[in-house]
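Worksheet for the structure shown next.
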Amino acid sequence: MPGRVLLVAAISLLSIASLPLAAADQDAAAYITARYADKPEPGAKARYSPRIVKLWAACTKKEKKTGDPCMDFDIWVNAQDWEIKNLKIEPLKSDAKTAGVLASFDNFDRHEDINFSLIKDKKGWMVDDISTGCDMLSDVLKGKISTC
């Protein structure tokens, strides 16, 4: 009987260990890795900081008034279309509340390096900005012209 109890306990622990981490427990690199697997496109399920949410709302409001697109590309892939290959996610810096993560990949025939600035609250990580090397998400949402 004691052997059976140990076996049940071991199986229970293995089951718990195989569960995905709660969003609040993920490290920043794991969070970005998971977002690149989002459907229908990378970043579709991303959480954004209150600052970015506010900028996005203002940009969308302007889009409705003018008819000009708020964003005419997906900043997660730095393109309108994508076929991501060789995705590598690398933590750059991290502490309990902030992190930087680099996503490198090939998109069709171009190599891309996308830098993420993240902040953490009790629910987990959220994107506070994204840089493609040419554009910053916050700048695009403010209507600034691309530097490339």
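The values are calculated or read from the model by the stated rules, or taken from the named source; none is laboratory data. The structure presented is a predicted model; accordingly, all values stated were derived computationally and were not measured. No Cβ is skipped: glycine too gets one built from the backbone with ideal geometry, and neighbour counts run over all protein chains shown.
Does I114 fit the bill of being over 15 Å from K142 (Cβ atoms), of a type outside the set (K, R) and either over 13 Å from the mean Cα position of the chain (by Cα) or surrounded by 14 or more Cβ atoms within 10 Å (Cβ to Cβ) (or both)? So I114 passes the test. Residues in segment 89-109 that are of a type in the set (V, I, T) and surrounded by 15 or more Cβ atoms within 10 Å (Cβ to Cβ): I89, V101. Among residues of segment 96-111 being more than 17 Å from the chain's Cα centre (by Cα) and not in a strand (DSSP E or B), the one that is farthest from D72 (Cα to Cα) is A96. Return the residue satisfying two criteria in turn: it lies in segment 5-23 and is part of a loop (DSSP other than H, G, I, E, B) and surrounded by fewer than 12 Cβ atoms within 10 Å (Cβ to Cβ), and of such residues it is modelled with the highest pLDDT. In this case the residue turns out to be A22.
Checking the stated criteria, A58 turns out to be touching a residue at least 60 places away in the same chain (Cβ under 8 Å) and either surrounded by fewer than 10 Cβ atoms within 10 Å (Cβ to Cβ) or assigned to a helix (DSSP H, G or I) (or both).
Does T147 satisfy the condition of being farther than 22 Å from W82 by Cα, of a type in the set (S, T, Y) and either out of contact with any helix residue (DSSP H, G or I) (no Cβ under 7 Å at 6 or more places or on another chain) or without any contact (Cβ under 8 Å) to a residue 12 or more places away in the chain (or both)? It is false that T147 is farther than 22 Å from W82 by Cα, of a type in the set (S, T, Y) and either out of contact with any helix residue (DSSP H, G or I) (no Cβ under 7 Å at 6 or more places or on another chain) or without any contact (Cβ under 8 Å) to a residue 12 or more places away in the chain (or both). Would segment 116-130 turn up any residue that is among the polar types (S, T, N, Q), under 18 Å from K45 (Cα atoms), part of a strand (DSSP E or B) and touching a residue at least 12 places away in the same chain (Cβ under 8 Å)? There is at least one residue in segment 116-130 that is among the polar types (S, T, N, Q), under 18 Å from K45 (Cα atoms), part of a strand (DSSP E or B) and touching a residue at least 12 places away in the same chain (Cβ under 8 Å).
Scanning segment 63-93 for residues that are within 16 Å of S117 (Cα to Cα) and assigned to a strand (DSSP E or B) returns I89, E90, P91, L92, K93. Applying the criterion of being exposed (fewer than 13 other Cβ atoms within 10 Å of the Cβ) and in a helix (DSSP H, G or I) to the residues of segment 24-50, the residue that is modelled with the lowest pLDDT is A24. Scanning segment 76-99 for residues that are in contact with a helix residue (DSSP H, G or I) (Cβ under 8 Å, 6 or more places away or on another chain) and modelled with pLDDT of 95 or more yields W76, I84, L87, I89, E90, P91, A99. Selection of segment 61-88 for residues being free of Cβ contacts under 8 Å to residues at least 12 places away in the same chain, more than 17 Å from D109 (Cβ to Cβ) and surrounded by fewer than 13 Cβ atoms within 10 Å (Cβ to Cβ) yields K61, K64, K65, T66, G67, D68, P69, D72.
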